[in-house]
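Engineer: Quick one: the structure is below, questions incoming.
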């Protein structure tokens with residue numbers, strides 16, 4: 001079983017930047033839960049078919065793949081719809097995650113990046129969980145630029161997520177990502193070194 005660092009935080013806080021940097025420090029695999037979901041939304045996938053059946057063909061492209069922006073506009077306005085979507089997607093994501101982890105060597109380190117890491121059973125797989133945070137306005141600007149959203153849509157998505165303060169007691173470390181990239185990388189490098197000392201590969205031999 002590989003060692004696993006879980007990375008969480010609200011949307012557009014910079015989790016992927018932290019995860020990608022960890023690869024340069026020696027982590028073996030970076031697993032982005034959002035990318036796994038994207039694959040499940042592809043044309044012909046059972047999850048895409050179920051999403052269309054549940055939410056209507058308006059959330060599907062002509063080829064049958066999921067229109068992520070249209071689906072997001074729907075579920076971020078309706079908590080019940082969000083719960084229905086999670087009930088469809090979550091089991092499949094867990095299966096995909098297990099398959100990804102099977103590709104990591106027994107003594108390797110995997111990085112698991114998931115917005116809702118703390119709400120699911122994935123957290124129990126992790127030896128350490130890190131929370132990435134940044135100022136709300138910076139977060140909003142990143143979200144608008146990355147997802148091509150207007151300000152109203154961006155604020156709607158941010159308001160649908162819990163305040164990061166609610167997660168502080170559930171994580172092992174907070175990465176402040178509101179400054180320069182170099183400042184973020186310094187925190188990540190120091191945290192990774194401490195992780196490797198606390199969970200040396202020798203303890204994870206098969």
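Engineer: Using label points projected 7 Å from each Cα along Cα→Cβ, tell me how many nm separate residue 17 and residue 189, to one decimal.
Structural biologist: The two pseudo-label positions are separated by 1.6 nm.
Engineer: Listing 35, 202, 115 from the residue with the fewest other Cβ atoms within 10 Å to the one with the most, what is the order?
Structural biologist: Ordered from fewest to most neighbouring Cβ atoms within 10 Å, 35, 202, 115 come out as 202, 35, 115.
Engineer: Oh, and also: Residue 61 versus residue 181, label points 7 Å from Cα toward the beta carbon: distance in nm?
Structural biologist: 2.8
Engineer: Roughly what angle does helix 15-25 make with the longest principal axis of the chain, taking Cα atoms, 0 to 90 degrees, to the nearest 10?
Structural biologist: For helix 15-25, the angle is close to 30 degrees.
Engineer: For the Cα atoms of the chain, what angle does the longest principal axis make with the long axis of helix 181-198, in degrees from 0 to 90, nearest 10?
Structural biologist: That helix lies at roughly 60 degrees to the long axis.
Engineer: Could I ask something else about it? Remind me, relative contact order of the chain in percent, using alpha carbon pairs under 8 angstrom and six or more residues apart?
Structural biologist: Answer for the chain is 36 percent.
Engineer: Hey, what number do you get for the chain at 222 nm if only DSSP H runs of n ≥ 4 count, each worth -39500 (n - 2.57), divided across all residues, to the nearest 500?
Structural biologist: Result for the chain: -15000 deg cm²/dmol, rounded to the nearest 500.
Engineer: For segment 35-103, what is the largest minus smallest coordinate of the Cα atoms on each principal axis, given in angstrom and ordered from greatest to least?
Structural biologist: The Cα atoms of segment 35-103 stretch 36, 27, 17 Å along their principal axes.
Engineer: Using 1/(1 + (r/R0)^6) with R0 = 45 angstrom and r between the beta carbons of residue 78 and residue 197, what's the FRET efficiency to the nearest 0.05?
Structural biologist: Here the calculated transfer efficiency is 0.50.
Engineer: Follow-up question, since we're still on this one. Apply the a/c threshold of 1.5 to the C-alpha gyration tensor of segment 141-206 and tell me whether it is rounded, prolate or oblate.
Structural biologist: Note, shape of segment 141-206 comes out prolate.
Engineer: Take the Cα pairs of the chain, get the Kirkwood Rh, then feed it into Stokes-Einstein at 10 °C and 1.306 mPa s and tell me D in µm²/s.
Structural biologist: The diffusion coefficient I find is 88 µm²/s.
Engineer: Which order do 134, 196 fall in if you start with the one that has the fewest other Cβ atoms within 10 Å?
Structural biologist: With the sparsest Cβ surroundings first, the list reads 196, 134.
Engineer: Obtain the nm distance between the two label points defined at residue 95 and residue 54 by a simple spin-label model: each point lies 7 Å from its Cα along the Cα-to-C-beta direction.
Structural biologist: Output for this residue pair reads 1.4 nm.
Engineer: Quick check: Cα centre of segment 87-116 to Cα centre of segment 4-25, how many Å?
Structural biologist: Their Cα centres are 14 Å away from one another.
Engineer: Rounding to the nearest 10 and keeping the result within 0 to 90°, find how far the Cα-based axis of helix 79-101 lies from the longest principal axis of the chain.
Structural biologist: Helix 79-101 sits at roughly 40 degrees to that axis.
Engineer: Could you tell me how far the Cα centroid of segment 49-66 sits from the Cα centroid of segment 136-206, in Å?
Structural biologist: Using only Cα atoms, the two centres lie 31 Å from each other.
Engineer: Per 0.36 nm of contour for each residue apart, how much would the distance between residue 25 and residue 155 grow if the chain were fully extended, relative to their Cα-Cα spacing?
Structural biologist: Answer, rounded to one decimal: 43.4 nm.
Engineer: Quick one: of the DSSP bridges fully inside the chain, what percent are antiparallel, nearest 5?
Structural biologist: Counting DSSP beta bridges with both partners in the chain, the antiparallel share is about 5 percent.
Engineer: Using the number of other C-beta atoms within 10 angstrom as an exposure proxy, rank 173, 85, 181, 49 with the fewest first.
Structural biologist: Final ranking by Cβ density, sparse to dense: 181, 49, 173, 85.
FYI, it's all coordinate maths here, none of it is from the lab. Being a predicted model, the structure only gives us computed values, none of them experimental. When we count neighbours, we look across all protein chains shown, and the Cβ atoms used for this are built from the backbone with ideal geometry, even at glycine.
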